[in-house]
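Reviewing the structure listed below.
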Amino acid sequence: MKLLVVSAAPLIPSNNGWMAYGPYVKEMAIWAKHTDTIQFCCPVWETDRGLLVTQIPFETVSPVVLKDFNVTSIKAVLHTIIAAVLNLWLIVRAMRKADHIHLRCPGNIGLLGCVAQIFFPNTPKTAKYAGNWDPKAKQPLSYRIQKWILSNTFLTRNMKVLVYGEWEGSSKNIKPFFTASYTEGDKEDVSLRKIILQDRAVIRFLFVGTLSEGKRPLYAIKLVESLHASGYNVHLDLYGDGQQRKLLETYIAANNLTDFIVLKGNQLVKTVKKAYQESHFLLLPSKSEGWPKVVAEAMFWGCVPLSTEISCVPYMLGHGNRGGILTLNLEKDSKAVITLLSNEKSYQKTSMEASDWSRKYTIDYFESEIAKLVNSKR
């Protein structure tokens, strides 16, 4: 069985074959296990351009090379039109030879893939929509068009669309899906976090992600700062790096927060895992997410997530039973955290429910679901 993957994720040539974005390679290696051959239909870069890449460990057919395109100026419009038409032709030609078509959406190339697949109603297909599937979310027009085409069972046939979360009113081809970080073998016991306010024990907070405006790490700092000002013995570690690091360093120094707020930078997976295991709360005041892996990872280890109400986060948090929603109002969010801190039994129940839920979604389960999708005779 020949699997064709249509994606904006680039390939980068290496001495031993091809490289691509690390997490993407890890996932596609699972798809490759259940196919005879796999071919990528995507852009090819000469260098990694700073992307965190890894070697593709499985054999691939020579890729169908697409042109990168994006409208950044009036001058670029003509180039975009030409590139889009050429790419559409290349995608259609590649789809004619595929036994199973797999689209990676959203994105410019994902949009072309959505259009091209309409001409192949009998070919088994899957699409992974890695963005926010929330029908009420404000998104670019191209994203909304992709969601409309994929949901339209007249235009899109013989396809399962993998989306994050469960959404009321979804068409029958929409399948709630997930992303996994840990295996069944990773299931160590989760220790109960004790919150003993009387003894002034430290309440540990954690931020994991890019230090960017979109992730709002400054809000995480301000929230912990607010709790400290209210007399709570709190500590925040921030794991990750990014453009806002200097801004955060300046804020921490200017407000004398260095004793209880620490920028850890990028760290090894095992180091972050230990932080999940030892922290009480994960903070994710992000602007946009698909399936936030850090939330699922924190939950796996009983670290209670506090996140903005974006994408499938309310679904992941059981609408409050497995974590808390941040409103981005410091006063309200501080009071909500204090309420959690005031009842240790309630906190521990939330922690264990978070862990029990997250531990269903392992890499082993992920692979079994992929195998069903690839081998199903729809």
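For segment 143-155, the set of residues classified as surrounded by fewer than 16 Cβ atoms within 10 Å (Cβ to Cβ) and either farther than 19 Å from residue 100 by Cβ or hydrophobic (A, V, I, L, M, F, W, C) (or both) consists of 144, 145, 148, 152, 154, 155, listed by residue number.
Listed here are the residues, each with its yes/no results for (1) assigned to a loop (DSSP other than H, G, I, E, B); (2) buried (at least 16 other Cβ atoms within 10 Å of the Cβ); (3) touching a residue at least 60 places away in the same chain (Cβ under 8 Å).
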residue: 157; (1), (2), (3): yes, yes, no
residue: 180; (1), (2), (3): yes, yes, yes
residue: 201; (1), (2), (3): yes, no, no
residue: 222; (1), (2), (3): no, yes, yes
residue: 225; (1), (2), (3): no, yes, no
residue: 231; (1), (2), (3): yes, no, no
residue: 238; (1), (2), (3): no, yes, no
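Highlighted here are the helices (runs of 4 or more DSSP H) found entirely within segment 264-378 that include at least 2 residues which are more than 27 Å from residue 139 (Cα to Cα) and among the hydrophobic types (A, V, I, L, M, F, W, C): 269-278, 293-300, 330-341, 344-358, 363-375. Show the residue pairs that are 6+ apart or on different chains and have beta-carbon atoms under 6 Å apart, the first residue being within segment 20-48 and in the same structural domain as residue 66 (by TED's automatic domain parsing), the second being of a type in the set (Phe, Trp, Tyr). Close Cβ pairs satisfying both conditions: 29/58; 32/58.
In the list 83, 137, 98, which residue meets the criterion of being farther than 30 Å from residue 286 by Cβ, assigned by TED's automatic domain parsing to the domain that holds residue 151, surrounded by 13 or more Cβ atoms within 10 Å (Cβ to Cβ) and touching a residue at least 60 places away in the same chain (Cβ under 8 Å)? Among 83, 137, 98, only 98 is farther than 30 Å from residue 286 by Cβ, assigned by TED's automatic domain parsing to the domain that holds residue 151, surrounded by 13 or more Cβ atoms within 10 Å (Cβ to Cβ) and touching a residue at least 60 places away in the same chain (Cβ under 8 Å).
Take residues that are closer than 27 Å to residue 144 by Cα, touching a Leu at 6+ places or on another chain (Cβ under 9 Å) and small (Gly, Ala, Ser) and tell me which of the helices (runs of 4 or more DSSP H) falling wholly in segment 1-120 contain 2 or more. Of the helices (runs of 4 or more DSSP H) lying wholly inside segment 1-120, those with at least 2 residues that are closer than 27 Å to residue 144 by Cα, touching a Leu at 6+ places or on another chain (Cβ under 9 Å) and small (Gly, Ala, Ser) span 74-95, 108-117. Residues that are within 25 Å of residue 273 (Cα to Cα) and surrounded by 14 or more Cβ atoms within 10 Å (Cβ to Cβ) within segment 240-251 comprise 240, 241, 242, 244, 245, 248, listed in sequence order.
Evaluating residue 320 against the criteria (1) under 21 Å from the mean Cα position of the chain (by Cα); (2) of a type in the set (Gly, Ala, Ser); (3) crowded, with 20+ Cβ neighbours inside 10 Å leaves one unmet condition, (3). Of all the residues in segment 240-259, those that are more than 16 Å from residue 214 (Cβ to Cβ), acidic (Asp, Glu) and part of a loop (DSSP other than H, G, I, E, B) number 1.
Filtering 332, 345 for residues that are over 25 Å from residue 165 (Cα atoms) and modelled with pLDDT of 95 or more leaves a single hit, 332.
Considering only residues in segment 96-153 that are farther than 12 Å from residue 6 by Cβ, aliphatic (A, V, I, L, M) and under 19 Å from the mean Cα position of the chain (by Cα), the one that is modelled with the lowest pLDDT turns out to be 137. Within segment 154-166, restricting attention to residues that are over 14 Å from residue 117 (Cβ atoms) and not small (Gly, Ala, Ser), the residue that is modelled with the lowest pLDDT is 166.
Out of curiosity, is residue 7 of a type outside the set (A, V, I, L, M), surrounded by 13 or more Cβ atoms within 10 Å (Cβ to Cβ) and over 26 Å from residue 268 (Cα atoms)? Criteria met by residue 7. Contact map, segment 327-349: first residue touching a residue at least 40 places away in the same chain (Cβ under 8 Å), second residue assigned to a loop (DSSP other than H, G, I, E, B) and among the polar types (S, T, N, Q), Cβ cut-off under 8 Å, separation 6 or more or different chains; pairs are 333/327; 334/230; 338/230.
The values are calculated or read from the model by the stated rules, or taken from the named source; none is laboratory data. From a predicted model like this one, the values you see are computed outputs, not experimental measurements. Because the Cβ atoms are built from the backbone with ideal geometry, glycine has one as well, and the counts that use them run over all protein chains shown.
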